[in-house]
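The values are calculated or read from the model by the stated rules, or taken from the named source; none is laboratory data. Predicted, not measured: the structure shown is a model, and the values here were computed from it. With ideal geometry, Cβ positions are generated from the backbone for all residues, glycine too; neighbour counts draw on all protein chains shown. Note: accessible area is taken over every heavy atom of the protein model, side chains too, but ligands, DNA and RNA are not part of it. Shrake-Rupley method; radii C 1.70, N 1.55, O 1.52, S 1.80 Å.
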Amino acid sequence: MDSKVEFLFLNEEDMIKAGVLDADRAVDTIGEVITLLSEGDYLMGGRAHNDHGVQLIFPEKSDIPNFPLADSADRRFMAMPAYLGGRFHMCGEKWYGSNGNNRSIGLPRSILMMMLNDVETGKPLAYMSGNLLSSMRTGAMPGLAAKLLARDDSKVLTLVGPGVICRSSLRAIMSQRFDIDTIKIKGSSPTSANAIKMKEYIEENYPQVKNIVLCRDMEEALKDADIITEAVSCKEGEWPEYKREWLKPGALVISTSTFNMEHKSIVDLKKVIDNYGMYENYAEEDNVGYDENGNRLHTGCMGEDFVYMVQDGLIERDSLTTFGEIIRGKKPGRESDDEIILVSIEGMPTEDVAWAYECYTYALVHDIGTKLKVWDRPYAF
């Protein structure tokens with residue numbers, strides 16, 4: 001019996017060689033994930049198997065010397081385990097630390113690593129750089145939304161929060177919608193570094209885009225847009241506000257991060273989500289109340305707000321459509337050219353497992369990466 005255990009290590013350069021930036025393939029892969037979720041062929045953390053992950057949250061103060069504190073934006077560690085069935089039949093976990101102070105020393109805010117394990121034995125199969133993997137699987141979901149739900153004649157795309165995730169969303173959307181000729185960018189200001197960087201990226205990579213608009217405010221960004229995708233990083237409670245009257249008939253509005261819309265203004269709009277159970281978990285954990293006028297407080301997460309709208313009797317649970325139901329033909333996608341569709345997307349570790357698996361299997365076939373040994377035979381056995 002061969003008891004040797006080794007795994008494949010893939011650094012960021014290896015991941016690029018293994019196709020981590022292939023947006024079109026990522027969209028197709030994430031479509032498979034959503035179908036498996038709809039069929040129940042998956043597990044995530046928690047008793048209900050739908051937890052986004054487990055966070056290590058730092059306190060704001062401590063009497064212990066050198067104790068780590070929540071002294072920057074999004075300081076945390078997070079573990080995101082999952083099992084994904086189907087042809088993947090794979091367990092994995094994304095693990096990362098995040099600290100807003102990283103940017104001042106030339107590092108990304110979050111540094112991510114991904115592990116894949118054999119689901120039967122638990123032995124490690126791969127350990128890989130996770131930043132590009134995570135951003136591409138996140139961007140693939142807006143690409144899938146644009147593929148399934150955007151009007152066929154969509155030409156105007158709006159990017160809100162032009163950072164890394166919005167760039168991967170752009171890559172995925174452009175891989176599915178070839179007629180986009182105008183892109184609006186809404187950063188913290190028209191002259192923000194991220195807005196300018198995004199404009200230059202579009203000019204370099206998408207010559208078919210004839211008009212690039214750096215927007216002054218949210219109304220300018222949203223008006224006349226066929227597809228709107230956002231990935232805003234902001235402090236809690238400072239989420240951007242969208243207004244119904246700013247959306248054109250037929251607009252597709254995709255959220256991967258945070259923004260608010262007044263609940264009563266969106267009751268009649270089609271609402272599409274990735275995983276209702278995950279948002280139920282969010283709502284149970286946050287348990288937000290009401291303001292002095294009896295209006296439900298916002299959470300910044302559209303899918304969680306949908307759960308509260310169900311609880312408050314504003315909409316029926318069955319009025320929400322999942323991507324899996326659309327892909328499997330259980331419910332319709334877009335039903336008219338004038339239909340405004342709201343899409344809520346939150347990253348799930350099942351997506352990380354799937355996209356990591358795709359890169360891992362490609363790397364094996366093409367001899368990419370470095371094999372590292374755990375043992376020839378286990379000493380403590």
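Can you name the condition, by its number, that residue 363 falls short on among (1) farther than 22 Å from residue 89 by Cα; (2) of a type in the set (A, V, I, L, M); (3) touching a helix residue (DSSP H, G or I) at 6+ places or on another chain (Cβ under 9 Å); (4) surrounded by fewer than 24 Cβ atoms within 10 Å (Cβ to Cβ)?
(1) is the only condition that residue 363 fails.
Looking at the range 1-52, which of its residues are closer than 21 Å to residue 323 by Cα, touching a strand residue (DSSP E or B) at 6+ places or on another chain (Cβ under 8 Å) and among the charged types (D, E, K, R)?
Selection gives 41, 51.
Mind checking which residues of the range 222-234 are hydrophobic (A, V, I, L, M, F, W, C) and farther than 20 Å from residue 301 by Cα?
225, the sole residue that qualifies.
Here are some residues: 286, 217. Which one is of a type in the set (D, E, K, R), in contact with a Ser or Thr (Cβ under 8 Å, 6 or more places away or on another chain) and on the phi < 0 side of the Ramachandran plot?
286
Is there any pair with a first residue in the range 6-32 that is of a type in the set (Asp, Glu) and a second that is open to solvent by 70 Å² or more (accessible area, probe 1.4 Å) whose Cβ atoms are under 6 Å apart and which are 6 or more apart or on different chains, and what are they?
6/371; 6/373
Which of (1) under 17 Å from the mean Cα position of the chain (by Cα); (2) in contact (Cβ under 8 Å) with a residue 40 or more places away in the chain is the odd one out, the single condition residue 162 does not satisfy?
All conditions are met except number (2).
Would you pick out the residues in the range 78-101 that are of a type in the set (A, V, I, L, M, F, W, C), buried (at least 16 other Cβ atoms within 10 Å of the Cβ) and under 19 Å from the mean Cα position of the chain (by Cα)?
Those that are of a type in the set (A, V, I, L, M, F, W, C), buried (at least 16 other Cβ atoms within 10 Å of the Cβ) and under 19 Å from the mean Cα position of the chain (by Cα): 78, 80, 82, 84, 95.
Tally the residues that are open to solvent by 20 Å² or more (accessible area, probe 1.4 Å), in a helix (DSSP H, G or I) and touching a residue at least 24 places away in the same chain (Cβ under 8 Å), restricting the search to the range 168-217.
Residues in the range 168-217 being open to solvent by 20 Å² or more (accessible area, probe 1.4 Å), in a helix (DSSP H, G or I) and touching a residue at least 24 places away in the same chain (Cβ under 8 Å): 4 in total.
Can you tell me which of 107, 125 is more than 18 Å from the chain's Cα centre (by Cα), open to solvent by 10 Å² or more (accessible area, probe 1.4 Å) and without any contact (Cβ under 8 Å) to a residue 60 or more places away in the chain?
Working: 125 fails: without any contact (Cβ under 8 Å) to a residue 60 or more places away in the chain.
Only one candidate passes the filter, namely 107.
Among the residues of the range 25-39, are any open to solvent by less than 10 Å² (accessible area, probe 1.4 Å) and farther than 29 Å from residue 304 by Cα?
No, because not a single residue in the range 25-39 is open to solvent by less than 10 Å² (accessible area, probe 1.4 Å) and farther than 29 Å from residue 304 by Cα.
Need a quick list: helices (runs of 4 or more DSSP H) entirely within the range 267-345 having at least 1 residues that are among the small types (Gly, Ala, Ser) and open to solvent by 60 Å² or more (accessible area, probe 1.4 Å).
Once the helices (runs of 4 or more DSSP H) in the range 267-345 are filtered for at least 1 residues that are among the small types (Gly, Ala, Ser) and open to solvent by 60 Å² or more (accessible area, probe 1.4 Å), nothing remains.
Can you give me the number of residues within the range 230-253 that are open to solvent by less than 40 Å² (accessible area, probe 1.4 Å), touching a helix residue (DSSP H, G or I) at 6+ places or on another chain (Cβ under 8 Å) and modelled with pLDDT under 95?
Looking only at that region, the number is 4.
Identify all residues within the range 118-150 that are within 12 Å of residue 15 (Cα to Cα), of a type in the set (S, T, N, Q) and not in a helix (DSSP H, G or I); write none if there are none.
If the condition is that a residue be within 12 Å of residue 15 (Cα to Cα), of a type in the set (S, T, N, Q) and not in a helix (DSSP H, G or I), then 129 is the only one that fits.
Please go through the range 40-61 and give me each residue that is over 16 Å from the mean Cα position of the chain (by Cα) and surrounded by 12 or more Cβ atoms within 10 Å (Cβ to Cβ), ordered by number.
41, 42, 43, 45, 46, 48, 49, 54, 55, 58 - these are the residues of the range 40-61 that are over 16 Å from the mean Cα position of the chain (by Cα) and surrounded by 12 or more Cβ atoms within 10 Å (Cβ to Cβ).
For residues that are out of contact with any Asp or Glu (no Cβ under 7 Å at 6 or more places or on another chain) and within 30 Å of residue 353 (Cβ to Cβ), tally how many sit in the range 53-71.
Residues meeting the conditions: 7.
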